[in-house]
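Everything on this sheet refers to the single structure shown next.
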Amino acid sequence: MKALVYHRSIPRYLLSAFFNKIQRKRFHHLVTPLKLEDVAFQPARPGWVSIKTRLCGICGSDLNLLKGAESMLLEPYASLPMIIGHEIMGVVDSAPPGSELSPGQRVVVEPMLDCLCRELPPCRFCAKGEYNLCENFLDGALPPSTVLGFNAKASGGMAEMTAAHPSKVLPVPDGLSDEDAVLVDSMASVMQPILENFPAPGETVLIWGAGVLGQHAVRCLRAMGFEGRILVIARHTFQADMARAGGADDVLRSPSRQELAKACGGRFIPTTMGGGNVEGGADMVFDCVASSGTFQEALLALRARGRYVMIGTAGELGKVDVSSLWLRQLQVTGSASYATALWQGERVRTYQLCLDHLASGGYPTEGLLTGLFRLEHWKQAFQSSFDKAGSGSMKAAFDFR
């Protein structure tokens, strides 16, 4: 079968990082260790569901890998060579008895490789349904990695076939299109931290970044009933327009600190050096970019005891003044993928919750999936994702139909 395979090459990884610093909007395919190859299909473990891929989305973590921008500390949580891609929608090719899945059934794959997938007794987090925090991602019957697509045996969805543990395969509801179903993974990545950090009624929420994660943040908040004020920071005009369409009250385009303070309900305080400070501000920030700049400005934009949630996947952050962190007793937390979460007194499976909202017809998806590419056009697909301003790309995916 045809597949995009990422190989281990430290020189090529470092070259990718070097050229990305010079030309951030260009996909340097000549140096990246990614190749389109003919490979044999083999499920990672006996009893797994074999799936014919229909669509596979391109995730920010895929792009970070190709940019040479992944954290060096995360190296142990991947095993190479690997067929990349974990935003998978397909149809069942074959399923083990008792799985309640049948050939031809449309499905999505929740890609976490937790204790159950690794054929181990549940760790303390898996036992509570918090398998995104599994303590055995390095052990068991599979090579190290947190999700399939970053695993030498559990291949990802940028291939004609893939396979998954039956517990991670969810049927696509009737009436939900393939194109909307493939959005479930990016949506779940945002829904999880929102469920775990849901704002109180009447609070002001600042969403930093209006790419696909920021768009989902606006829509998830509204879908779950939040009626407070949502302010979004967007870089591009098309992102700003989509944020408003999704339910944002106000959108700012790369604001100054004075503009940010006013929009958040705070007060700008000039400083002799350092660009000024903000007194008062938003109750909560969902950072869907997670850069040094967004982390810095988010800390300033929060009121005392405000909450910062990192949704974007940052590696290293540069110089950041964290004095607001202790001066205002801010709460700072991150978020890892998806699992289950407590919602209104019940534990819900985030992936299934997102599928249900997508199928309801009340979740606005227009414009979220902006490009479908054949696998042989992989260079163009990644280029469109590298240069979002030039391509108008929100979320691109590979189409095997």
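The values are calculated or read from the model by the stated rules, or taken from the named source; none is laboratory data. None of these values were measured; they are calculated from a predicted model. Positions of Cβ are generated from backbone atoms using ideal geometry, with glycine treated the same way; all protein chains shown enter the neighbour counts.
Within region 305-318, does at least one residue satisfy the condition of being among the polar types (S, T, N, Q), within 20 Å of the chain's Cα centre (by Cα), surrounded by 22 or more Cβ atoms within 10 Å (Cβ to Cβ) and closer than 30 Å to Ala359 by Cβ? Checked region 305-318: no residue is among the polar types (S, T, N, Q), within 20 Å of the chain's Cα centre (by Cα), surrounded by 22 or more Cβ atoms within 10 Å (Cβ to Cβ) and closer than 30 Å to Ala359 by Cβ.
Hey, can you tell me all the residues within region 241-264 that are part of a strand (DSSP E or B), of a type in the set (A, V, I, L, M) and either over 15 Å from Gly281 (Cβ atoms) or in contact with a Ser or Thr (Cβ under 6 Å, 6 or more places away or on another chain) (or both)? Correct list: Val251 only.
Criterion applied to Glu37, Glu70, Glu119 was being touching a residue at least 24 places away in the same chain (Cβ under 8 Å) and part of a strand (DSSP E or B), and the one residue passing it is Glu37.
When Ser360 is tested against the conditions (1) assigned by TED's automatic domain parsing to the domain that holds Glu160; (2) without any contact (Cβ under 8 Å) to a residue 60 or more places away in the chain; (3) hydroxyl-bearing (Ser, Thr, Tyr), the lone failure is (1). Note on region 155-205: residues that are within 22 Å of Leu372 (Cα to Cα), hydroxyl-bearing (Ser, Thr, Tyr) and surrounded by fewer than 18 Cβ atoms within 10 Å (Cβ to Cβ) amount to 1.
Tell me, please, whether a residue that is crowded, with 17+ Cβ neighbours inside 10 Å, under 30 Å from Gly129 (Cα atoms) and polar (S, T, N, Q) can be found in region 325-339. Scanning region 325-339, I find at least one residue that is crowded, with 17+ Cβ neighbours inside 10 Å, under 30 Å from Gly129 (Cα atoms) and polar (S, T, N, Q), so the answer is yes.
Can we say Asn132 is part of a helix (DSSP H, G or I), at pLDDT 95 or above, within 24 Å of Ser99 (Cα to Cα) and out of contact with any Lys or Arg (no Cβ under 6 Å at 6 or more places or on another chain)? Taking the combined requirement at face value, the residue satisfies it.
Does Leu14 satisfy the condition of being assigned by TED's automatic domain parsing to the domain that holds Trp378 and either modelled with pLDDT under 95 or part of a loop (DSSP other than H, G, I, E, B) (or both)? The answer is yes for Leu14. When we screen Phe373, Phe386 for residues that are out of contact with any Pro (no Cβ under 9 Å at 6 or more places or on another chain), modelled with pLDDT of 95 or more and of a type in the set (A, V, I, L, M, F, W, C), the only hit is Phe373. For region 363-382, a residue qualifies if it is in contact (Cβ under 8 Å) with a residue 40 or more places away in the chain and either within 16 Å of Asp399 (Cα to Cα) or in contact with a strand residue (DSSP E or B) (Cβ under 6 Å, 6 or more places away or on another chain) (or both), and the qualifying residues are Leu368, Leu369, Leu372, Leu375, Glu376, Trp378, Lys379, Ala381, Phe382.
Here is a yes/no grid of residues against (1) in a loop (DSSP other than H, G, I, E, B); (2) in the same structural domain as Glu279 (by TED's automatic domain parsing); (3) of a type in the set (Phe, Trp, Tyr):
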{"site": "Ala314", "(1), (2), (3)": "yes, yes, no"}
{"site": "Gly318", "(1), (2), (3)": "yes, yes, no"}
{"site": "Trp326", "(1), (2), (3)": "no, yes, yes"}
{"site": "Pro364", "(1), (2), (3)": "yes, no, no"}
{"site": "Gln383", "(1), (2), (3)": "no, no, no"}
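For region 246-264, which residues satisfy the criterion of being modelled with pLDDT under 95 and either basic (Lys, Arg) or surrounded by fewer than 16 Cβ atoms within 10 Å (Cβ to Cβ) (or both)? Listed by number, the residues that qualify are Arg253, Ser254, Ser256, Arg257, Gln258, Glu259, Lys262.
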